[in-house]
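Encoded as structure tokens, the structure appears first; notes follow it.
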Amino acid sequence: MRIPRVLLLFVAAFLFSSAAFAQESSHPNFTGIWKLDPGRSELDRPSPDSVILYIHQNDPDFHLRHTEVQHGKSWSWSVHGRTDGKMLELKNREGIKRTHMHWEGAELVLESRIDGKHGEVKTTVHYSLLDGGRTLIARELDNNHETRLVFTKSG
């Protein structure tokens, strides 16, 4: 029995799209409010009073706001990226900030580069989830040293 070519093409297209969907949906979602667990983190400086990450991920959009309190003083910064690998560029008074995100398996990698008044600053952060999504690990690689921040999901 000979199978029509159109049917074979249809089946191949269906299998390919199903595999692509399964691979895409296998990436974790980091959305949530995350509080630093200083006891489980490896910091290269004294532990801050608190660090909270607010993450909203709606692939391919990814937004993270970092709020830190140290000695009673609060400061924040934020980053916007795309999980599909598209580079984003933002110009502001500090200079030009470029962000690039990509997946390495279940790990989301953020590469950030700021070209500003004080030269170039490069940072790479690898985000991963553990404990069924209740623990977030952020491995920051900056100026040839690594910091491992452990966060627990709030709420």
Residues located in the range 74-89, provided they are surrounded by fewer than 15 Cβ atoms within 10 Å (Cβ to Cβ) and of a type in the set (Gly, Ala, Ser): Ser74, Ser76, Ser78, Gly85
I'd like to verify a number: residues in the range 81-107 that are of a type in the set (Lys, Arg) and either assigned to a strand (DSSP E or B) or touching an Asp or Glu at 6+ places or on another chain (Cβ under 8 Å) (or both), how many? 4
Residues satisfying the stated conditions in the range 109-155, i.e. loosely packed, with under 12 Cβ neighbours inside 10 Å, in a strand (DSSP E or B) and in contact with an Asp or Glu (Cβ under 8 Å, 6 or more places away or on another chain): His145
Examine the range 15-32 for a residue that is outside any helix (DSSP H, G or I), modelled with pLDDT of 95 or more and either more than 18 Å from Gly133 (Cβ to Cβ) or β-branched (Val, Ile, Thr) (or both), and state whether such a residue exists. yes
Using beta carbons and a limit of 8 Å, which pairs, at least six apart or on different chains, have the first residue in the range 91-118 and within 20 Å of Phe30 (Cβ to Cβ) and in contact (Cβ under 8 Å) with a residue 60 or more places away in the chain and the second one surrounded by 16 or more Cβ atoms within 10 Å (Cβ to Cβ) and of a type in the set (Gly, Ala, Ser)? Ala106/Ser128; Leu108/Ser128
Residues located in the range 90-108, provided they are hydrophobic (A, V, I, L, M, F, W, C), farther than 13 Å from His80 by Cα and surrounded by 13 or more Cβ atoms within 10 Å (Cβ to Cβ): Ile96, Trp103, Leu108
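Identify the residue in the range 30-73 that is of a type outside the set (Phe, Trp, Tyr) and within 16 Å of His126 (Cβ to Cβ) and, among all such residues, is surrounded by the fewest Cβ atoms within 10 Å (Cβ to Cβ). Quick ask: steps written out before the conclusion?
We begin by selecting, within the range 30-73, every residue of a type outside the set (Phe, Trp, Tyr); these are 31-33, 35-53, 55-61, 63-73.
Adding the requirement that they be within 16 Å of His126 (Cβ to Cβ) leaves 41-42, 53, 55, 57, 64, 66.
On the way: Ser41: 16, Glu42: 11, Leu53: 21, Ile55: 18, Gln57: 19, Leu64: 20, His66: 18.
The residue in question is Glu42.
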Pairs with Cβ under 7 Å, 6+ apart, first in the range 41-67 and in contact (Cβ under 8 Å) with a residue 40 or more places away in the chain and closer than 23 Å to Glu146 by Cβ, second charged (D, E, K, R) and assigned to a strand (DSSP E or B): Ser41/Arg148; Glu42/Arg148; Val51/Glu68; Ile52/Lys35; Phe62/Arg82
Looking at (1) within 14 Å of the chain's Cα centre (by Cα); (2) under 20 Å from Ser154 (Cα atoms); (3) free of Cβ contacts under 8 Å to residues at least 40 places away in the same chain, which is the one condition that is false for Leu129? (3)
Filter the range 123-138 down to the residues that are modelled with pLDDT of 95 or more and among the polar types (S, T, N, Q), then identify the one that is farthest from Phe62 (Cα to Cα). Thr135
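Looking at Arg45, Arg2, Arg93, Arg40, which one is among the basic types (Lys, Arg) and modelled with pLDDT of 95 or more? Spell out the reasoning first.
Details: Arg45 fails: modelled with pLDDT of 95 or more; Arg2 fails: modelled with pLDDT of 95 or more; Arg93 fails: modelled with pLDDT of 95 or more.
Of the residues listed, the single one that is among the basic types (Lys, Arg) and modelled with pLDDT of 95 or more is Arg40.
The values are calculated or read from the model by the stated rules, or taken from the named source; none is laboratory data. Treat the numbers as computed from the prediction; the structure is a model and nothing was measured. Neighbour counts run over all protein chains shown; Cβ positions are idealised from the backbone, glycine included.
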